[in-house]
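Quick notes on the structure that follows.
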Amino acid sequence: MQAWIFDIRSRPFVLLSASFIVVAILVHFDLTQQFDQNSILFFHDVAGNPSIDFLMQLVTEIGDVYYMVIFGIILVIIKPTRRIGVTIMILIVMSTVLAGYIKCGMDRDRPNLKFEGVPFPIPLEQDTFSLFCEGDYKASFPSGHVARAAVFGIVIGFSLSERFPRGCYLLLIYPLLMSISRVYVLQHYPMDVIGGALIGILLAGAVSQKTKLYKILKSEA
């Protein structure tokens, strides 16, 4: 998993940046509208299983920024994990602000369908708000929840890669489930979560390199 950490002048950084730009262009010119709408209608129709509905709400709620900040603070307080905590805290701020700023420029509304599955025990938390414009919480692209989930999965997975060289990849299930849950509860279109994932991967790789997260592996060796 060490290849997930890279410099801003590296090929992965350039490719990820280019991929996000392509996705953003496709969304901006509504070239994916049919795909997005069909996907939302599919999830709208299949909702209603109590267990799945509850699981999807639980996953999407864990991606709220407040829970991740609390987790990051705990890691900062514990000395052996302080570098991990600092990296996560920086990335939470950067991914949230960047996603909010891009939402303003894209100005894409969220799906307008009401969730018809089993009622959620608690109201869903709003996603990252738009910065510097009137979009507020209604803007859709990219998903801040997925960006933060990708950050979390990559940073924690990388930190555990020396001790669990194969098991560390299981952490990537979290951003995958987060992506599915955001579409399942009708808060985002598929292209929104793809955009959020690209931002999270891009920031996690570059910032982790700058904070020298790889020193965690050397200290465990």
Rounded to a whole number of µm²/s, how large is the Stokes-Einstein D of region 2-220 at 37 °C and 0.692 mPa s, given Rh as the Kirkwood radius over C-alpha pairs?
185
What residue among 168, 211, 191 has its Cα farthest toward the positive end of the dipole of region 150-221, where the charges are +1 on Lys, Arg and -1 on Asp, Glu, each on the Cβ?
211
Lys pairs in region 2-220, Cα-Cα under 22 Å, at least 8 apart or on separate chains: how many?
8
Mind checking which of 115, 150, 43 is farthest towards the positive end of region 2-220's charge dipole, using Cβ charges of +1 (Lys, Arg) and -1 (Asp, Glu) about the Cα centre?
150
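Give, rounded to the nearest 20 debye, the magnitude of the charge dipole that the chain has about its Cα centre when Lys and Arg contribute +1 at Cβ and Asp and Glu contribute -1 at Cβ. Intermediate values should be presented prior to the final figure.
Values: 18 positive and 17 negative charges, 260 e Å.
In total the dipole reaches around 1260 debye.
Based only on Cα atoms, what Rg/Rh ratio does region 1-55 have, Rh being taken as Kirkwood's radius? Numbers along the way, then the final one.
Details: Rg = 17.6 Å, Rh = 14.5 Å.
Rounded to two decimals, Rg/Rh equals 1.21.
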So how far, in whole Å, is the C-alpha centre of region 186-201 from the one of region 141-166?
15
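Read-outs throughout are calculated quantities, based only on the coordinates presented, and are distinct from any laboratory measurement. Keep in mind the model is a prediction, meaning the values are calculated, not measured. Neighbour counts run over all protein chains shown; Cβ positions are idealised from the backbone, glycine included.
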